[in-house]
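Derivation of every value follows stated rules applied to the coordinates shown; laboratory data play no part. Quick caveat: nothing in here was measured; it's all calculated off a predicted structure. Note: ideal-geometry Cβ built from the backbone for every residue, glycine included; neighbour counts use all protein chains shown.
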Amino acid sequence: MAKLNVNGKVREFEAEPDTPLLWVLREQLSLTGTKYGCGIAQCGACTVHIDGAPVRSCVRPLASLEGKEKIVTIEGLSKNGSHPVQKAWAKLDVPQCGFCQSGMIMAVSALLKTKPNPSDADIDAAITNICRCGTYNRVRAAIKVVAKGGATKMAKLSIQHADGSTT
């Protein structure tokens, strides 16, 4: 049996060496928060962290991993949705359909770890994930909210929520 360190736990699985990491996470380890979108590393729905770096898991074969890398999926980012990026996502109602959001959150959290106050150019360079619903303005606003310590006024958005309140 092969082993991977996923979300802080060593997990065992059986798979061929050319199997993409995404399929082991979803099918063998039942971590279904990481999504399959395109299978060619373009959309980013499959983004996970490997040793802190964002990686498109749909094209990362198991053979490229030694088993000692620290892999973090959306399930491992926080136990209860308390990561600052997840909080900003909720405050600003970033997702619409939500399919791409786990990968987007993983890409954003990696960016903010290396650049806590990213410029628009930094965001453009690092966040190449595709959102079919077009929530890019809210994603950018959420990044800025996290960079400013959670102050939603910094996002410069006026979002009316279903309960009538605004952010």
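Things to note:
- Which of Arg60, Arg11 has the fewest Cβ neighbours within 10 Å, and the rest in rising order: Arg11, Arg60
- Rounded to whole Å, sorted largest first: equivalent-ellipsoid semi-axes of the chain, Cα gyration tensor: 30, 15, 15
- Highest mean first, the peptides 38-47, 98-107 sorted by other C-beta atoms within 10 Å per residue fall in the order 98-107, 38-47.
- Residue among Pro95, Gly8, Ile130 farthest towards the positive dipole end of the range 1-138, charges placed on Cβ: Pro95
- Proximal charge balance of Asp124 [Cβ under 14 Å; K/R count +1, D/E count -1]: +1
- Label-to-label distance for Ala151 and Gln42 is 4.0 nm, based on points extended 7 Å past Cα in the beta-carbon direction.
- Rounded to the nearest 20 debye, the dipole magnitude of the chain is 660 debye, with +1 charges on Lys and Arg beta carbons, -1 on Asp and Glu beta carbons, and the Cα centre as origin.
- Relative exposure of Arg26, Arg56, judged by other C-beta atoms within 10 Å (fewest first): Arg26, Arg56
- Violating pairs (Cα-Cα greater than 29 angstrom) within the set Lys68/Lys91; Lys68/Lys144; Lys79/Lys144; Lys70/Lys144; Lys79/Lys115; Lys68/Lys115: Lys68/Lys91; Lys68/Lys144
- Rounded to whole Hz, the Karplus (6.51, -1.76, 1.60) HN-Hα couplings of the range 62-78, x for glycine and proline: 4, 4, 7, 10, 8, x, 9, 5, 9, 9, 10, 9, 4, 5, x, 5, 7
- Per residue, the average separation of C-alpha pairs within less than 8 Å and at least 6 apart gives the range 86-143 a relative contact order of 53 percent.
- Contact order relative to length of the range 2-77, as percent, for alpha carbon pairs under 8 angstrom and 6 or more apart: 39 percent
- Which of Glu12, Glu66, Glu75 has the fewest Cβ neighbours within 10 Å, and the rest in rising order: Glu66, Glu12, Glu75
- Helical contribution to [θ] at 222 nm, DSSP H n ≥ 4, -39,500 (n - 2.57), averaged over the chain, rounded to 500: -7500 deg cm²/dmol
- Cα centroid separation - the range 104-138 against the range 24-102, whole Å: 14 Å
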